[in-house]
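Worksheet: the structure to be examined is printed underneath.
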Amino acid sequence: MAKFRFESGITLVYLLVGSGWILFSDELTDLLAPNPEIASHLQTYKGLFYVIITALLFYFFIRKHLQKLRKAEERALESDKLKSGFLANVSHEIRTPMNGVMGFAELLKDESLSHQERLQFISIIEKSGERMLELINDILNISMVDSGQVRLKYTSVNIFELMNSIAQLFLPSATDKGINLILEACRESERVESLMMDRDKIVCVLSNLIKNALKYTNTGYVKISCARDGDFVRFMVADSGVGIPEGQLERIFNRFVQVNMSYTKTYDGAGLGLAIAKSYVEMMGGKIWAQPNENGGSIFNFTIPFKPVNRPKKNDSKS
């Protein structure tokens, strides 16, 4: 069904009110006027009554429409502002590693370099390339989510093996920064060895949260844990980092939004990780949120439906 346009609506209101007034105003005048003299006065002011009534109707009708337009304009301006900041950040994220690649590739042409220096330059080039590839992957993931090309692939996943493998993946980065990476498994009473989940999406969400925690934590710890939460499994990534202002706890998951755009001068990244994490979690039927850590820093939580793998029961065999 085609959307009812504003101009069609206001024209219809005018026609209905005008037609009703013409058809029934004389009868209303006869009903209210006890004598011809009063009826004559009412006939005089009948047109004025119609103008007042239609003016009031149009006022409320147009005001409601203009409120929607103003809200849409505010959202568009905010979105444009955020996109401008995002594009500036992305251009910075592309230019910085590209300068590293081009600059150190040029230095490698120097034949007087020692073997150790060459290895060092090659390592910088590799890290710059990985940083660019990570940004491109994030942009592609956001585009695929928007176009509806992302599909869930549920398989049986050993949750303890999953948590351990992710912790081992980020252990070198934590060790380099002197941060204590803690893996806290589910409590014994809540243990279910295998769950039905989309492993790739869970790994992506956890990786983004842990990566952010390590990025914004200079001293202290990053703790990864999970627990049964009713009909859901709840994953938590806590850190002792810079923390998030109270008013920003919900906005940080929006696209093109960062807690503080000035962070981009100190910390690398385009700020797409949390938006991707939110999209994946909601696709899996869960929710994601952040909260302040009592000891400083932040705690990121996300849930997914608790779907244990149904194992066939073993029948007793008779000898």
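Annotations
- Every listed requirement among (1) touching a helix residue (DSSP H, G or I) at 6+ places or on another chain (Cβ under 8 Å); (2) of a type outside the set (Gly, Ala, Ser); (3) farther than 30 Å from Asn254 by Cβ is met by Asp138 save one, (3).
- Qualifying positions in region 145-168 - farther than 18 Å from Val281 by Cβ and either of a type in the set (D, E, K, R) or exposed (fewer than 14 other Cβ atoms within 10 Å of the Cβ) (or both): Ser147, Glu161, Ser165, Gln168
- Tabulated pairs, region 294-319, first under 21 Å from Met196 (Cβ atoms) and of a type in the set (Val, Ile, Thr), second modelled with pLDDT under 85 and part of a strand (DSSP E or B), C-beta under 9 angstrom, 6+ apart or interchain: Val309/Ser194
- Summed over region 67-121, residues that are loosely packed, with under 13 Cβ neighbours inside 10 Å and among the aliphatic types (A, V, I, L, M) total 8.
- Qualifying residue in region 88-110 (condition: outside any helix (DSSP H, G or I), basic (Lys, Arg) and farther than 23 Å from Ser207 by Cβ): yes
- For the condition part of a helix (DSSP H, G or I), touching a Pro at 6+ places or on another chain (Cβ under 6 Å) and at pLDDT 85 or above, Ser123 does not qualify.
- Entry remark, region 164-194: residues being at pLDDT 90 or above and either at negative phi or outside the structural domain of Lys287 (by TED's automatic domain parsing) (or both) number 19 in total.
- Qualifying positions in region 150-178 - touching a residue at least 40 places away in the same chain (Cβ under 8 Å) and among the β-branched types (Val, Ile, Thr): Val150, Thr155, Val157, Ile159, Ile166
- Residue satisfying condition, being of a type in the set (Ser, Thr, Tyr) and outside any helix (DSSP H, G or I), within set Ser207, Ser173, Ser156: Ser156
- Leu135 being assigned to a helix (DSSP H, G or I) and exposed (fewer than 13 other Cβ atoms within 10 Å of the Cβ): no
The values are calculated or read from the model by the stated rules, or taken from the named source; none is laboratory data. Computed from a predicted model, the values in this text were never measured in an experiment. FYI the Cβ positions are ideal-geometry reconstructions off the backbone, even for glycines, and counts take in every protein chain you see.
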